[in-house]
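Working notes, beginning with the structure itself.
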Amino acid sequence: MATTSEIKQQLRAQRIETPSWAYGNSGTRFKVFAQPGVPRTVREKIDDAAQVHAFTGVAPSVALHIPWDRVDDYAALAEYAEDAGVRLGAINANVFQDDDYKLGSVTNPDPRVRRKALDHLLECVDIMDATGSRDLKLWFADGTNYPGQDDIRDRQDRLAEALAAVYERLGEGQRMLLEYKLFEPAFYTTDVPDWGTAYAHCLQLGERAQVCVDTGHHAPGTNIEFIVAVLLRAGKLGAFDFNSRFYADDDLMVGAADPFQLFRIMVEVVRGGGLDPAAGVAFMLDQCHNVEPKIPGQIRSVCNVQEATAKALLVDRDALTAAQRSGDVIGANDVLMDAYKTDVRPLLGELRAEMGLDPDPMAAYLRSGYQERIAADRVGGAQAGWGA
Ligand code: LRH
Ligand code: MN
Ligand code: MN
């Protein structure tokens with residue numbers, strides 16, 4: 001069994017990326033509730049992400065979404081982030097918010113629209129060159145609403161063609177992360193609906209194409225930890241978009257709806273070697289804080305991922321393997337549940353103190369006065385993007 005200092009070492013090394021869009025106003029199709037102090041610019045989103053890192057110590061990068069975070073000079077933005085104490089992380093492409101994309105982006109039957117979508121994806125790689133980002137995250141809203149609307153197989157061919165062109169353009173050390181989603185906005189077919197489809201495309205593309213598992217993108221009851229185990233075994237798990245859900249793609253704080261599921265996922269990550277930075281699994285948040293304050297929402301989410309990771313690291317592997325091999329069903333389950341039932345908050349508090357941080361990041365942030373400052377200084381905050 002790992003010692004406490006080995007466990008702390010792994011927790012200290014874990015990196016959790018926060019999304020720029022979590023800091024802006026967001027909502028549902030029914031209403032966006034504006035919050036005081038939300039960022040008016042990309043730089044202010046970066047400032048807020050830097051706060052999350054300052055108090056948690058494990059969130060040193062922030063993902064961008066283009067064009068929500070479009071600026072003139074991305075190299076200057078990367079410098080700004082560095083000065084603020086964070087890095088620019090994954091570049092998320094957006095080929096879902098133009099009128100042109102009504103019938104799809106890279107799978108659209110119209111070659112002009114396909115070209116436009118591909119150009120945007122290629123532009124995102126240019127941006128990565130300027131920001132020094134490693135990952136291009138691709139999620140396609142593409143699909144159909146009615147049987148017969150378009151040819152399912154042709155759309156797969158168009159998708160493969162676009163992915164190949166982007167893959168070809170990737171530079172040294174850059175990767176492509178292909179994210180799947182069961183449904184929404186398309187309600188009949190989705191062109192990348194599941195991990196199998198994403199995996200098949202990534203396999204064909206090559207080593208630098210990896211699957212992104214967004215925890216909110218499955219049918220209810222799907223065993224996500226099984227998917228994680230299979231992808232890690234195949235060397236194809238590139239990233240997580242963490243969030244939690246009660247119904248569909250709710251984008252709630254990770255670990256809020258089902259902390260046990262998050263633990264089970266992290267158990268498979270640990271088992272498959274996915275915590276080792278060399279495995280290249282990016283732990284990212286993809287959430288919107290519609291009713292709760294944004295920076296505290298991100299701090300809570302980072303802490304929830306850390307808690308689940310700590311519990312997963314506490315699993316007594318030797319005892320578990322022994323119980324599994326001897327067919328001790330209840331014993332094996334006990335080993336797992338022992339770890340899950342352990343209160344890891346004191347361990348994480350100690351770790352943070354050793355890192356020179358306040359043991360309680362949320363309380364420390366709330367005491368810091370930052371929230372009051374931004375509420376007073378920032379007037380007329382921006383939408384996160386969904387409502388933009
Ligand atoms: C799609 C998604 C994808 C987008 C993000 C804003 O539902 O999960 O990752 O880029 O939301
Ligand atoms: Mn996502
Ligand atoms: Mn989503």
Check: What tally of residues in the stretch 252-277 results from selecting those that are within 21 Å of VAL335 (Cα to Cα) and part of a helix (DSSP H, G or I)?
Finding: 13
Check: When only residues in the stretch 317-335 that are out of contact with any helix residue (DSSP H, G or I) (no Cβ under 7 Å at 6 or more places or on another chain) and touching a residue at least 60 places away in the same chain (Cβ under 8 Å) count, which is surrounded by the most Cβ atoms within 10 Å (Cβ to Cβ)?
Finding: ARG317
Checklist line | strands (runs of 3 or more DSSP E) enclosed by the stretch 15-129 - at least 3 residues per element that are within 17 Å of the chain's Cα centre (by Cα) and more than 23 Å from GLU372 (Cα to Cα) | finding: 61-66, 87-93
Check: Across the stretch 221-246, which residue is surrounded by the fewest Cβ atoms within 10 Å (Cβ to Cβ) among those that are more than 12 Å from the chain's Cα centre (by Cα) and within 15 Å of ligand 3 (Cβ to nearest atom)?
Finding: PHE246
Checklist line | Any hit, the stretch 231-251, residues being within 13 Å of ligand 1 (Cβ to nearest atom), in a loop (DSSP other than H, G, I, E, B) and basic (Lys, Arg) | finding: yes
Margin query: Please go through the stretch 95-149 and give me each residue that is touching a strand residue (DSSP E or B) at 6+ places or on another chain (Cβ under 6 Å), within 16 Å of ligand 2 (Cβ to nearest atom) and either under 21 Å from THR197 (Cα atoms) or of a type in the set (Ser, Thr, Tyr) (or both), ordered by number.
Written below: ASP135, LEU136, LYS137, LEU138, TRP139, GLY143
Item checked: Scope the stretch 27-59; condition among the small types (Gly, Ala, Ser), surrounded by fewer than 24 Cβ atoms within 10 Å (Cβ to Cβ) and touching a residue at least 40 places away in the same chain (Cβ under 8 Å); matching residues -> GLY27, ALA34, GLY37, GLY57
Next item on the list: Can you confirm whether the stretch 288-311 contains a residue that is surrounded by fewer than 20 Cβ atoms within 10 Å (Cβ to Cβ), hydrophobic (A, V, I, L, M, F, W, C) and more than 18 Å from MET362 (Cα to Cα)?
Entry: no
Item checked: Filter result (within 16 Å of ligand 1 (Cβ to nearest atom) and among the aliphatic types (A, V, I, L, M)) within the stretch 188-226 -> VAL192, ALA198, VAL211, VAL213, ALA219, ILE224
Next item on the list: Quick one: count up the residues across the stretch 195-215 that are out of contact with any strand residue (DSSP E or B) (no Cβ under 7 Å at 6 or more places or on another chain) and not in a helix (DSSP H, G or I).
Entry: 2
Note to self: Any residue at all in the stretch 224-239 that's of a type outside the set (D, E, K, R), in contact (Cβ under 8 Å) with a residue 60 or more places away in the chain and farther than 17 Å from LEU178 by Cβ?
What the structure shows: no
Checklist line | Candidates THR197, THR222, THR189, THR215 - the one that is more than 14 Å from ligand 2 (Cβ to nearest atom) and either modelled with pLDDT under 95 or under 23 Å from ILE91 (Cβ atoms) (or both) | finding: THR197
Checklist line | Residue that is touching an Asp or Glu at 6+ places or on another chain (Cβ under 6 Å) and either within 15 Å of ligand 1 (Cβ to nearest atom) or in a loop (DSSP other than H, G, I, E, B) (or both), where the choices are LEU159, LEU177, LEU136, LEU182 | finding: LEU177
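The values are calculated or read from the model by the stated rules, or taken from the named source; none is laboratory data. Source: prediction; values computed, not measured. When we count neighbours, we look across all protein chains shown, and the Cβ atoms used for this are built from the backbone with ideal geometry, even at glycine.
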